[in-house]
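J.: I'd like to ask some things about the structure below.
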Amino acid sequence: MEPELVVLGTGFHTPSRDRLEVLANCAFTVDGKGRISGIVPSDDPRQGEIVTGAEARGILHRLPADAWLIPGLVDLHIHAPQWPQLGNALDEPLEVWLQKYTFPLEARFADPDFAREIYDDMVRTLVAQGTTTALYFGSVHREPNLILAEVCLRHGQRALIGKVAMDDAETCPDYYRDADAATALAETRAFIAELRAMQHGLDPLVLPVITPRFIPSCTDALLAGLGEIAREMDCHIQTHASESDWAAGYVLHRLGCSDCTALDRFGLLTERTVLAHANFIDSTDMALMARRGAAVAHCPMSNAYFANAVFPLRRALDAGVEVGLGTDISGGFSPSIFDGLRHALMASRHLGRGTDPSLAPEGRGTGETPLSTVEAFWLATAGGADALSLPVGRLAQGQCFDALVIHANRPGSGLRTFVDQDRPEKVFEKLVLTADRTAISDIWVNGRKLI
Ligand SMILES: [Zn+2]
């Protein structure tokens, strides 16, 4: 089959957690379904023919010498209706923050015009930041979440969207919750069916997600019902788990076990589950998650404000838990996964090496090995993709062509390179630590050019 697009240049990706692969001077061919159909190196005699043919058909995208192709970024935790308060409201602990700022704001999304305007701005901004796949918490009401799906389809962002389910009258305000468990379950089923009906193709770009907010805001009846829907309707699942002392303590007090154990009992810990934060999971929780194939959305920026602890990333990875990154908009203040991966690097160094200078160096940190730049990039791409079980996050044959071009030396960008001096591995390191919005020159999702 003739390609629909050919990108000629050097690509970086991390097929596994500790391995950078440099695909030097390759022709990346993309088929009509938006999949990578081939990666042809310069010493392959077919490359010349492919490039000539693509040039003649006007489908060749040739990268300059100081530009590199990378997989698109995957954000595993975004609260879409918190977009208006990005960069605000970080002065209270979680349980106060929800009632004081966040529930009143999310309740406003019952107005479809408000939702349409905010979501349009948010999705366009996130795409421009390089987020090609986004896992969204929506709001409680059904309609605005369908509006979010429409907006993602229009702008071409790959997205997974959940109608938030929260019915516990003890912890959720009357003005912002599902009336009861039965209503929440019926609305969740309807949302899944309507979202799926919006896309007629075999490869939907936007997927529905079962989304209990977190155990403290849901009754047992709701959690059990959502577990049944997940099984019946074959859906992704997302929720928050073990985020703060308060949240973990609440679950222990009410259910007598950890978040992970409770979610597992309710049928909510599966291969397609993503748990936001999970800072306070222990080795038993990690073993359970690894057995089930459930993943963590690591949100280091938000954790600094709301968790008073650093997620034990190294221990989780070593225990076989799948991990990707989340911005946690607006618990985190940046919309960029590049910022997220740098905060993950810093958080990991602080945890491993220590923070309090009054302690002796050997007792200052946990001693575990800090995250490497290769691992941080993997979390932001392939790690996030694996958490969602989606064929993105790598530059490999058969993967969806969700990709960015990072162009160095653009005005205003800190990413400067000296092509004659910098080996590809050095360029990669610079890219991981300094690339930002200003360095992104091109964005594709599923082979469709968005920027
Ligand atoms: Zn969150």
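Derivation of every value follows stated rules applied to the coordinates shown; laboratory data play no part. Just so it is clear, the model here is predicted, and its values are computed rather than measured. In this analysis, Cβ positions are derived from the backbone assuming ideal geometry, glycine residues included, and neighbour counts consider all displayed protein chains.
J.: Only bridges with both residues in the chain count here: give the DSSP antiparallel percent, nearest 5. Don't skip to the answer; put the middle values down first.
T.: Working: 25 of 63 bridges.
Antiparallel bridges make up about 40 percent of those DSSP assigns within the chain.
J.: While we're on this one: In the stretch 6-124, with Lys and Arg counted as +1 and Asp and Glu as -1 at Cβ, which of these residues, Leu98, Gly38, Phe12, has the Cα nearest the positive end of the dipole, that is, farthest along it?
T.: The residue sitting most towards the positive pole is Gly38.
J.: While we're looking at this one, here's another question. Below 29 Å Cα-Cα, how many Lys pairs turn up in the chain? Only count pairs eight or more apart in sequence, or on different chains, if you could. If you can, show how the numbers build up before the last one.
T.: On the way: Lys33/Lys163; Lys33/Lys449; Lys100/Lys163; Lys163/Lys449; Lys426/Lys449; Lys430/Lys449.
Count of close lysine pairs: 6.
J.: What distance in nm lies between label points placed 7 Å from Cα along the C-beta direction at Ala319 and Arg116?
T.: Result for the modelled spin labels: 4.6 nm.
J.: Using the per-residue mean of other Cβ atoms lying within 10 Å as a proxy for protection, in what order, highest first, do the peptides 54-63, 164-173 fall?
T.: Numbers: 54-63: 14.7, 164-173: 19.3.
Final packing ranking: 164-173, 54-63.
J.: Here is a further query. If you take all C-alpha pairs in the stretch 218-355, what percent of them are over 17 Å apart? All intermediate terms of the calculation are to be shown ahead of the outcome.
T.: On the way: 5499 of 9453 pairs.
Across the stretch 218-355, Cα pairs with separations above 17 Å total 58 percent.
J.: Right, next: Taking θ = phi - 60°, what integer Hz values does the Karplus form 6.51 cos²θ - 1.76 cosθ + 1.60 yield along the stretch 141-156, in sequence order, with x for Gly and Pro?
T.: 6, 6, 4, x, 6, 6, 4, 4, 4, 4, 5, 4, 5, 5, 8, x
J.: Dipole size in debye (nearest 20) for the stretch 1-136 around its Cα centre, Lys and Arg Cβ +1, Asp and Glu Cβ -1? Don't skip to the answer; put the middle values down first.
T.: On the way: 11 positive and 20 negative charges, 50 e Å.
The dipole magnitude comes to about 240 debye.
J.: Sticking with this one: Suppose the chain between Asp43 and Arg142 were pulled fully straight at 0.36 nm per residue; how much longer would it get relative to their current alpha carbon spacing? Spell out each step's value before the answer.
T.: Numbers: separation 99, 0.36 × 99 = 35.64 nm, distance 5.36 nm.
Stretched fully, the Asp43-Arg142 segment lengthens by 30.3 nm.
J.: Testing the spin-label approximation: label points 7 Å from Cα along Cα→Cβ at Thr355 and Asp203. State their distance in nm.
T.: Those two pseudo-labels are separated by 4.4 nm.
J.: Enumerate the amide H contacts of His13 below 5 Å, restricted to partners 5 or more residues apart or on another chain; note that Pro and chain-start residues carry no placed amide H.
T.: Residues meeting the criterion, in which the H sits 1.01 Å from N, are Glu21, Leu23.
J.: Okay, moving on. Treating the beta-carbon of each Lys and Arg as +1 and of each Asp and Glu as -1, no other charges, what is the dipole magnitude of the stretch 343-451 about its Cα centre, to the nearest 20 debye? Mind showing how you got there, number by number?
T.: Values: 12 positive and 12 negative charges, 68 e Å.
The dipole magnitude comes to about 320 debye.
J.: Show the residues, 5+ positions off or on another chain, whose built amide H is closer than 5 Å to the amide H of Gly354.
T.: Amide H neighbours of Gly354, under 5 Å, 5+ apart: Thr366.
J.: Now, a different point. What FRET efficiency would be calculated for the residue pair Ala224, Arg196, taking the C-beta separation as r and a Förster radius of 25 Å, to the nearest 0.05? Don't skip to the answer; put the middle values down first.
T.: Details: r = 23 Å, r/R0 = 0.93.
Plugging the Cβ-Cβ distance into 1/(1 + (r/R0)^6) gives 0.60.
J.: Please list 3J(HN,Hα) in residue order for the stretch 229-237, calculated via the Karplus relation 6.51 cos²θ - 1.76 cosθ + 1.60 where θ = phi - 60°; whole Hz, with x for glycine and proline.
T.: 5, 4, 6, 5, 9, 6, 10, 5, 9
J.: At 7 Å along the Cα-to-beta-carbon direction for both Arg154 and Ala182, put a label point, then send me their distance in nm to one decimal.
T.: 3.7 nm
J.: Starting at the first residue of the stretch 422-430, write each ³J(HN,Hα) from the Karplus equation 6.51 cos²θ - 1.76 cosθ + 1.60 with θ = phi - 60°, in whole Hz, x for Gly and Pro.
T.: 7, 5, x, 5, 6, 4, 4, 4, 4
J.: With a ≥ b ≥ c the root eigenvalues of the C-alpha gyration tensor of the stretch 308-358, is it rounded (a/c under 1.5), prolate (a/b larger than b/c) or oblate? The partial results should precede the final answer.
T.: Numbers: a/c = 2.16, a/b = 1.18, b/c = 1.84.
Judged from the Cα gyration tensor, the stretch 308-358 comes out oblate (a/c at least 1.5, b/c at or above a/b).
J.: Taking amide H atoms as placed 1.01 Å from N in the peptide plane, list the residues 5 or more away in sequence, or in a different chain, whose amide H sits under 5 Å from that of Leu5.
T.: Distant-sequence amide H within range of Leu5: Val30.
J.: What does the charge dipole of the chain about its Cα centre add up to, to the nearest 20 debye, if the Cβ of each Lys and Arg holds +1 and the Cβ of each Asp and Glu holds -1?
T.: Here the chain has a charge dipole of around 860 debye.
J.: Arg19 to Ala287: extension gain in nm, 0.36 nm per residue of separation minus the Cα-Cα distance? Before the final figure, lay out the partial values.
T.: Working: separation 268, 0.36 × 268 = 96.48 nm, distance 2.44 nm.
Here the segment from Arg19 to Ala287 would lengthen by 94.0 nm.
J.: Going highest first, how would you order 214-220, 284-290, 309-315 by mean Cβ packing within 10 Å?
T.: On the way: 214-220: 22.9, 284-290: 19.3, 309-315: 20.9.
Descending mean neighbour count gives 214-220, 309-315, 284-290.
J.: For the chain, build the convex hull from the C-alpha positions and give me its volume per residue in Å³. If you can, show how the numbers build up before the last one.
T.: Details: hull volume 67.8 nm³, N = 451.
Cα-based convex hull of the chain, divided per residue, equals 150 Å³.
J.: Any idea how far the Cα center of the stretch 201-265 sits from the one of the stretch 315-357, in Å?
T.: Using only Cα atoms to place each centre, the spacing works out to 22 Å.
J.: Provide the FRET efficiency to the nearest 0.05 for the Met1-Ala396 pair, computing r from the beta carbons and using R0 = 22 Å. Numbers along the way, then the final one.
T.: Details: r = 18 Å, r/R0 = 0.81.
After rounding to 0.05, the efficiency reads 0.80.
J.: Under the classification rounded if a/c is under 1.5, otherwise prolate if a/b is larger than b/c and oblate if not, where does the stretch 1-153 fall, given a ≥ b ≥ c as square roots of the Cα gyration tensor eigenvalues? Don't jump to the answer; show the numbers that get you there.
T.: Values: a/c = 3.62, a/b = 2.31, b/c = 1.57.
Prolate shape, in that a/c is at least 1.5 and a/b is the bigger ratio.
J.: Using just the helices of the chain, give the 222 nm mean residue ellipticity in deg cm²/dmol: DSSP H runs with n ≥ 4 each add -39,500 (n - 2.57), and the total is spread over all residues, rounded to 500. List each step's numbers first, then the result.
T.: Working: 16 runs with 163 residues, N = 451.
That comes out to -10500 deg cm²/dmol.
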